[in-house]
Amino acid sequence: MRLVRIGVGSVSVKVGDFTENGWRLAGLIAEARKRGVHLLATPELAISGYSLEDRIWWPDIARRSWDALVALAEECVDIGVFVGLPVRKDAMMYNAMALIHNCRIRGLILKKFLPTYSIFYEGRNWTPWMEGVTEINGVPAGDLVFKMPYGMVSGEICEDLWSANSPAHARAMAGAEIICNGSASPFTPRKNEQRRRLVRNAAENLACVYAYANLLGCDNSRLVFDGGGFVATPDRLVVEGPALSKASWTLADGIVDLDGVDRVRAENSTWRQGVVLGKGTNATVVVDASEGPYTPAPLGDYVRQMPGSFFDADSEPSGVPSERYLDELFDALVLGLRDYFEKVGVFERFLIALSGGRDSALCLLMAVHAAKALDEGREAGRFAERIGTVYLPNKMYSSSATEHAARALAEELGVPFQVVSIDDEVAVAMAKAAELAGGADKVTALAKQNLQARVRGNMMLNWANSVGGLLLVTSNLSEAAVGYTTTGGDNQGGYSPIANVPKTVIGRLLEYLARRDGIHSLEYVLDIPPSAELAPDQRDEDDLMPYVVLDDLMYLFAKRRMTLDDCWRVLCHRYAGHDAEQLRAWTMDFGKRFVYNQWKRDQHPVTMKVMDLDLDPKTGFRFPVTQSIQQELDDLARASL
């Protein structure tokens, strides 16, 4: 048996921090060597960070990345390691994955497929590798297979796996028995299940061992990478790495038998025909990197990782938690918030304006968990020193119920809480608004509401300046969709951690966390109907529509790209208890609000993306600010069931 121990590592990196990124990769490699790993896969662009955007054009990026790779090669004694980095040849920038073996850089795999959809804009910065082999920095680069002491190895990079014409096929046909994939695949709920299926299918279809390593954490500001990783053989998943870890790096490893790959290929007539006919090798070149010792992985370790029953359908690594969707979503939000706080490197504490409502409650829960995870949790006991909360009441509209809910939550979570009235500031703002408008009767109802939010926003920003605080914006995705925020008010701050989470999901998440963690004060929060408390007896759903309807419209229109009249028809079936004309009116209102509030979404603070639906114009949603949808509204008005 050719027993080979393969490792998949996830690393949390920071864009442009070549020194720290290199140290973390070196620590990962050292642990892999300690465990006896023969071949280690690490994530895409781990040396430089994935989210380089236009910084890639500075000439020092490729140079410093290569210098870091050369330094890292010295750590790779008796181990093969795939490491991701940007490389330059002439005027072309390539996304590359270098193979280091026995302290030498043996060659570069170059990325072929560059996503330019959703949040991806790789075609702007990178050049796709077409076919064949060239030389970069003195080593072969392109379509390569490496002959190692234990077998044949190749790789591909992230999107290559998702392509219908994956380059791994040609490399496997050229002899590769192990394919390593370095990825920077952002988190969305259940995304890891999709990756798992892709890896399993690739291993089965290519009759190979497939090792997949994903980036971890927030490398820039908006994308959260959930780490994890897989090693799969043609017949099973051998190992799965931890996802959404708060550690700076993780390592999972397992043992495979490459003789088993030989057996599968020998028995598969379709495979044999493809090789004999020479189809699909695409000018792949074999690089000999086979010198050096190879000691097979221990047979006992290989046997111990075998399933308890070879006939049990549930024989793969398990441990799937209940409510996994909500667990993963909350962990991703916390990880992104923690990494943003740490990697910016200028903040002393998280600041939250607690309103007694759902959004600010979730932001506080995230901040508590993020504070406990700072420095990999080494000072978790001092988390309260990193958090500040305040309730900012206006005596005209703020209720005792919301103050009680805010206070109870802060006290139960053990964080500082204070109450600071905005009465005087609102009175001054109202007087000045009247002076500018030409009289108190000229100040509109909307202006009276918004100036309260702007008073609160200014007070919070000033507080942040004084204490080195990261002010968390508590607006959600549903509000962003329809412009139900105040420019210069509640949409102002340092980071907007839940702006990609719909209101209905926030409610589900709070209900789940209340049960999971036994947070009794959340009952007070959940008992209060959502309200901005900026007008007498105000309720958000009275101003808008039921949030379940709003969120459905947001998904159908913005994600599914349905016409407004088709959105209405779907709603009529989903909400048969509502009058069809009321649903038409809500759909009409949604369409207008959604289209005419893009200017607000363009001004929203930095936020992280965690859902498939993304309305952030800086990541996934390029929508015109000035446009007309009158014909769509007319079609909706005329539509019939």
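The numbers here are math on the coordinates, done by the rules we state, and not lab data. Source: prediction; values computed, not measured. Every residue, glycine among them, receives a Cβ derived from its backbone with ideal geometry; neighbour counts consider all protein chains shown.
Here are the numbers for this structure:
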{"read-out": "Hz values of 3J(HN,Hα) by residue in region 469-477 - Karplus curve (6.51, -1.76, 1.60), Gly and Pro given as x", "value": "x, 8, 7, 8, 7, 9, 6, 10, 5"}
{"read-out": "Between region 11-28 and region 150-212, the Cα center-to-center distance that results, in Å", "value": "24 Å"}
{"read-out": "Per-peptide average of other Cβ atoms within 10 Å, ordering 169-180, 429-440 highest first", "value": "169-180, 429-440"}
{"read-out": "Only Lys, Arg (+1) and Asp, Glu (-1) charged, at Cβ; the chain dipole about Cα centre in debye", "value": "1020 debye"}
{"read-out": "Prolate/oblate/rounded call for region 435-479, Cα gyration tensor, a/c under 1.5 rounded", "value": "oblate"}
{"read-out": "Restricting region 79-148 to chymotrypsin sites (Phe, Trp or Tyr not before Pro) in coil, as DSSP defines it, with at most 10 other Cβ within 10 Å", "value": "Tyr117"}
{"read-out": "Of the trypsin sites (Lys or Arg not before Pro) in region 207-303, those whose Cβ has at most 12 other Cβ within 10 Å and which sit in DSSP loop", "value": "Lys279"}
{"read-out": "Value in Å of the Kirkwood radius, where region 371-482 supplies the Cα pairs that are averaged", "value": "16.5 Å"}
{"read-out": "Semi-axis lengths (Å, descending) of the ellipsoid that matches the C-alpha gyration tensor of region 324-638", "value": "31, 25, 19"}
{"read-out": "FRET efficiency for Arg561 and Leu299, using Cβ-Cβ distance with R0 set to 56 Å, rounded to 0.05", "value": "0.55"}
{"read-out": "Rounded to 5, percent antiparallel among DSSP beta bridges of region 3-304", "value": "65 percent"}
{"read-out": "Point-charge dipole on Cβ atoms (K/R +1, D/E -1) for region 3-304, about Cα centre, debye to 20", "value": "440 debye"}
{"read-out": "Förster-model FRET efficiency, 56 Å R0, Ser640 and Met396, C-beta, rounded to 0.05", "value": "0.75"}
{"read-out": "Rounded FRET efficiency, nearest 0.05, which uses the C-beta distance separating Thr270 from Phe623 and R0 of 35 Å", "value": "0.15"}
{"read-out": "Distance between modelled label sites at Asp537 and Val285, nm, 7 Å Cα→Cβ extension", "value": "7.9 nm"}
{"read-out": "Cα Rg over Rh - region 409-537, Kirkwood", "value": "1.00"}
{"read-out": "Additional length obtainable on full extension of the chain from Ala91 to Ala585, 0.36 nm per residue less Cα span", "value": "172.3 nm"}
{"read-out": "Non-local Lys pairs in region 3-304, i.e. 8 or more apart or on different chains, that have alpha carbons under 29 Å apart", "value": "20"}
{"read-out": "Region 354-424: radius of gyration and largest Cα-Cα distance (Dmax), Å", "value": "13.3, 45"}
{"read-out": "For region 620-629, Karplus couplings with θ = phi - 60° (6.51, -1.76, 1.60), whole Hz, Gly/Pro x", "value": "x, 10, 8, 10, x, 6, 10, 6, 10, 10"}
{"read-out": "Spin-label model distance (nm) - Glu204 vs Ala427, 7 Å beyond Cα toward Cβ", "value": "7.3 nm"}
{"read-out": "Shape call, region 3-304: gyration tensor on alpha carbons, a/c limit 1.5", "value": "rounded"}
{"read-out": "Rounded to whole Å, sorted largest first: equivalent-ellipsoid semi-axes of region 155-309, Cα gyration tensor", "value": "27, 20, 15"}
{"read-out": "Positive-end residue of Gly16, Leu534, Ile387, charge dipole of the chain with Cβ unit charges", "value": "Gly16"}
{"read-out": "Net charge dipole size for region 324-638 [Lys, Arg +1 and Asp, Glu -1 on Cβ; Debye, nearest 20]", "value": "580 debye"}
{"read-out": "Order of Val70, Val606 under a 10 Å beta carbon neighbour criterion, fewest first", "value": "Val70, Val606"}
{"read-out": "Loop GluC sites (Glu not before Pro), region 1-98 (other Cβ atoms within 10 Å of the site Cβ: 12 or fewer; DSSP)", "value": "Glu74"}
{"read-out": "Among beta bridges that DSSP assigns inside the chain, antiparallel share in %, nearest 5", "value": "55 percent"}
{"read-out": "The chain: relative contact order in percent, alpha carbon pairs under 8 Å with at least 6 residues between", "value": "12 percent"}
{"read-out": "Overall form of region 1-94 per C-alpha gyration tensor (a/c, 1.5; a/b vs b/c)", "value": "prolate"}
{"read-out": "Karplus-derived HN-Hα couplings along region 441-451 (A = 6.51, B = -1.76, C = 1.60, θ = phi - 60°), whole Hz, x at Gly and Pro", "value": "6, 8, 7, 6, 4, 5, 4, 4, 6, 5, 5"}
